[in-house]
């Protein structure tokens, strides 16, 4: 299995741009890539500016169909469990985990067993070739379904974690809390990625990066500002990240 799970300290902190940059950079280097975001919400508000909805951006970066990237899509800007309830639906956790395996079906993996065992049996079985980028929804404790959070989903997949975080005021507290939530669940955090990182960072931003790295005992990387969804721009930003090392660490770990 080769893959990374992108989460964030909150909503709208750059998770999708980071995921798209990783996918575009990997693809530009000849990697076979797949993207998966189990649930997209807020479609009533997304896609009205320069950036398309999350699943469309990830699909374009990975060369996939948007409906394969995100099998569940809802209009309201709400947590997935509420968005589904507003649509008269409920979300099945096992189906979300199985969907990650479907995203990498080109690897020839067999079908998952049925029932609750799928939550645990899928762990370590997602993707045997290529690279998979899974993007979460909101932060780690965002509920995907009743009594099933993004953190539970990440634990079920067993992928190393990247944490997208803002570079400005307040990010130290948010990021350290996210690190704590990840480590309590024994998730393997590869790095925190501060984004968008300006060309000339302020003293506060530089201090935030150093403080997160020191107090969080974590690698703190940066992703530069990306102007729009152009794959070339995403790839150039992603190329500055040590994604090869992250994937290799995951593969041999």
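Any read-out appearing in this document is the output of simple, stated calculations on the displayed coordinates, not a laboratory observation. Worth saying up front: this structure is predicted, and the values here are computed from it rather than measured. Every residue, glycine among them, receives a Cβ derived from its backbone with ideal geometry; neighbour counts consider all protein chains shown.
Numbers for the structure displayed
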{"read-out": "Net lengthening on full extension, residue 29/residue 248 (0.36 nm per residue, minus Cα-Cα)", "value": "77.3 nm"}
{"read-out": "Fully extended contour minus Cα-Cα distance, from residue 202 to residue 224, at 0.36 nm per residue", "value": "6.5 nm"}
{"read-out": "Segments 148-154, 20-26, 76-82 sorted - mean Cβ within 10 Å per residue, highest first", "value": "20-26, 148-154, 76-82"}
{"read-out": "The chain: antiparallel DSSP beta bridges as a percent of all, rounded to 5", "value": "10"}
{"read-out": "Shape of region 3-252, Cα gyration tensor, a/c cut at 1.5", "value": "rounded"}
{"read-out": "Rounded to 10°, Cα long-axis angle of helix 243-252 versus longest principal axis of the chain", "value": "50"}
{"read-out": "Between helix 93-102 and the chain: long-axis angle, C-alpha atoms, 0 to 90°, nearest 10", "value": "80"}
{"read-out": "Relative contact order %, region 3-252, counting alpha carbon pairs below 8 Å whose residues are six or more apart", "value": "28"}
{"read-out": "Principal-axis tilt of helix 15-28 within the chain, Cα atoms, nearest 10 degrees", "value": "90"}
{"read-out": "Residues listed by number, region 160-188, amide nitrogen under 18 Å from residue 215 label point at 7 Å toward C-beta", "value": "163-184"}
{"read-out": "For the chain, built as a Gaussian network whose Cα springs stay under 10 Å, the top-fluctuating residue of 135, 199, 67", "value": "199"}
{"read-out": "GNM flexibility winner over the chain from 181, 217, 191 (Cα, springs under 10 Å)", "value": "217"}
